[in-house]
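Scroll down for the structure; my scribbles are underneath it.
Computed from the coordinates by the stated procedures, all read-outs in this text should not be read as laboratory data. All of these numbers come straight from a predicted model, not from anything done at the bench. Every residue, glycine as well, gets a Cβ built from its backbone with ideal geometry; the counts of neighbours run over all protein chains shown.
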């Protein structure tokens, strides 16, 4: 008995001919697009910083899960798109998060593995929405949705290596002043998905066709360029004519990796106190202007000054020598079993006063989530020691003539933590960081790019101090005015603008992000409903209907 001809078979075979078919049906090509796309995403991030490779990476990621542009139902099964997305995520995150390796290769592998699952979800969802009209728009929204989810789950989220954080100073950076980091991610992703649309449409032969189709593809290609070009034209708030002198101290540490403290007690504290004395001497000699305040890094004292008279004396002597308030980073005891990562305002006359306790804590670095379970799985979970407890107050602290916005290291990756510090009156922003365990890895330059983006996002100068670097001064346009090398002692006094005018992003907060998230989620729901309705109309299940033409001798 002759088998009834599938009405979809001829179009699919036609689509599988030539280069479009290779793109549509050959698994190695998909795998190559996913892997190279992930690698291009990595290259966009510091220390390499080829920011323009981010939209190219998104484009290849999208092409990998898009499928046959000439077929009647473009796209691959979400199941296959999921593991392609996971592959792209792994190709991106393995090098991008290699700075985790000082903790242990197993920790690095676990973090990359968990984070790659979000890109698996992105691939599966993108494979659904590419079946809709205006799909480049919805696919770009999905990047915002996935990054939002990655910033929440698991154990409080890990929002590192978002697309926006590859754009510390690029053609896309100014979009942050309108919609924050989520809008920057969206615009980068939109450029990439538009390129993917133009590429797949050209592969299907529509570029050669005269008339409306060709004009549409050309318009889409121009749209991919419009996002960065329009970003360059966005006006930023101007200078308000007020500035302060801020001293920055980078004391360095004796060791490397997880043993950066060395064996000698209080050496980190003495390094920072010693550099502060040198700064005071340089000021008296006229080599630097007199500062209005001085900033030490996070964990600049490795001994609790509230409990140690010697630590108190060392800090107090350095502060009195420089003669202005110093923001001291300390780890202090809270009760018998807990601790807090604290920024203390240390006055040359009255001593320690107001403080800010870090609110966003580093899992497995400052506290151990699911402690009972992880202590049984790995003895290294004990390296955390006392468990940190999060603070409850916004980081605004009065230092001399200004109220600074205190942000502690890891917190700079979280949109809401930085924004509520600004809306509470913090200006300039002071980021106290401790990257001593990750010196000369990709982490310090990646964090510096985040600082640059935050400066533009909120129209605030940013001063960052880190014990091993990178310490820096960043103006509200995202430009770096001064920075240190890593693993050196350094100090200076920088002139920092004080601005109070809020950007649109500061005023509207998470509204643009939620709009993009709902748009992406709505597109997924519409695509799922349409796919289900189509299956029901055909009287087939998803397993019965192939979504791509298998090669001879292969299984679909």
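A few notes on this one:
- Prolate/oblate/rounded call for the range 85-193, Cα gyration tensor, a/c under 1.5 rounded: oblate
- Exposure proxy ranking, count of Cβ atoms within 10 Å, fewest first, for 392, 477: 392, 477
- Separation of alpha-carbon centers, the range 411-472 and the range 91-136, rounded to whole Å: 24 Å
- Value of Rg/Rh across the range 372-509 [Cα atoms, Kirkwood radius]: 1.02
- As a proxy for reagent exposure, 62, 423, 396 were ordered by neighbouring Cβ count within 10 angstrom, fewest first; the result is 423, 396, 62.
- Centroid-to-centroid separation of the range 513-536 and the range 139-162 [C-alpha atoms, Å]: 19 Å
- Computed from the Kirkwood radius of its Cα pairs, the Stokes-Einstein diffusion coefficient for the range 243-500 at 25 °C and 0.890 mPa s stands at 136 µm²/s.
- For 458, 277, order by how many other beta-carbon atoms lie within 10 Å, fewest first: 277, 458
- Of all DSSP beta bridges in the range 243-500, antiparallel share, percent nearest 5: 65 percent
- Theoretical FRET efficiency, 1/(1+(r/R0)^6), r = Cβ-Cβ of residue 354 and residue 277, R0 30 Å, to 0.05: 0.80
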